[in-house]
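To start, the structure under review is shown below, and the notes come after it.
The values are calculated or read from the model by the stated rules, or taken from the named source; none is laboratory data. What you see is a predicted model; the values in this text were computed from it and never measured. Cβ placement follows ideal geometry from the backbone for every residue including glycine, while neighbour counts extend to all protein chains displayed.
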């Protein structure tokens, strides 16, 4: 009499296969996340730099149109007088007198260059060095 050995067909993945997939995903995440964070910071820096350029242009337009002396002192509270010289539908317009990170711009005189805050520069310095911010470096 012959005995038949029945083999079960096993369906599914082994523990080793699942562990390899998880390890591969973790490795890809370790490589991708720092690049994502750096590119996000860089895009924030570009947005803030564009905003400070818009502010500088608005100050220049205000100075020319109102025949103001360039040596007139201004501060962050004076930003409201420059709003008519900016587009009202931009995100930057709604954030004034602060930048994208919530830090105020530094203003001195009408002919002076607006500067980004030290806190903004510190937060984004690993993605945007000093040369990136020139001439708006704090």
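What to note about this one:
- Unique residue being farther than 18 Å from residue 134 by Cα and either at pLDDT 90 or above or assigned to a loop (DSSP other than H, G, I, E, B) (or both) when the list is 45, 26, 80: 26
- Once segment 53-68 is narrowed to residues that are free of Cβ contacts under 8 Å to residues at least 12 places away in the same chain and outside any helix (DSSP H, G or I), the residue that is surrounded by the most Cβ atoms within 10 Å (Cβ to Cβ) is 66.
- Of the residues making up segment 69-87, those that are out of contact with any helix residue (DSSP H, G or I) (no Cβ under 6 Å at 6 or more places or on another chain) and without any contact (Cβ under 8 Å) to a residue 40 or more places away in the chain number 13.
- Whichever residue in segment 37-52 is within 13 Å of residue 96 (Cα to Cα) and in contact (Cβ under 8 Å) with a residue 60 or more places away in the chain and, among such residues, is surrounded by the most Cβ atoms within 10 Å (Cβ to Cβ): 48
- Residue within segment 88-101 that is in contact (Cβ under 8 Å) with a residue 24 or more places away in the chain and farther than 25 Å from residue 134 by Cβ present: no
- Given (1) within 26 Å of the chain's Cα centre (by Cα); (2) surrounded by 11 or more Cβ atoms within 10 Å (Cβ to Cβ); (3) at pLDDT 90 or above, index of the condition residue 34 fails: (2)
- Residue 19 vs. criteria surrounded by 10 or more Cβ atoms within 10 Å (Cβ to Cβ) and over 27 Å from the mean Cα position of the chain (by Cα): yes
- Applying a threshold of 8 Å to beta carbon distances and a minimum spacing of six or more residues, or different chains, the list of pairs starting in segment 10-36 at a residue that is on the phi < 0 side of the Ramachandran plot and ending at one that is part of a helix (DSSP H, G or I) and surrounded by 10 or more Cβ atoms within 10 Å (Cβ to Cβ) is empty.
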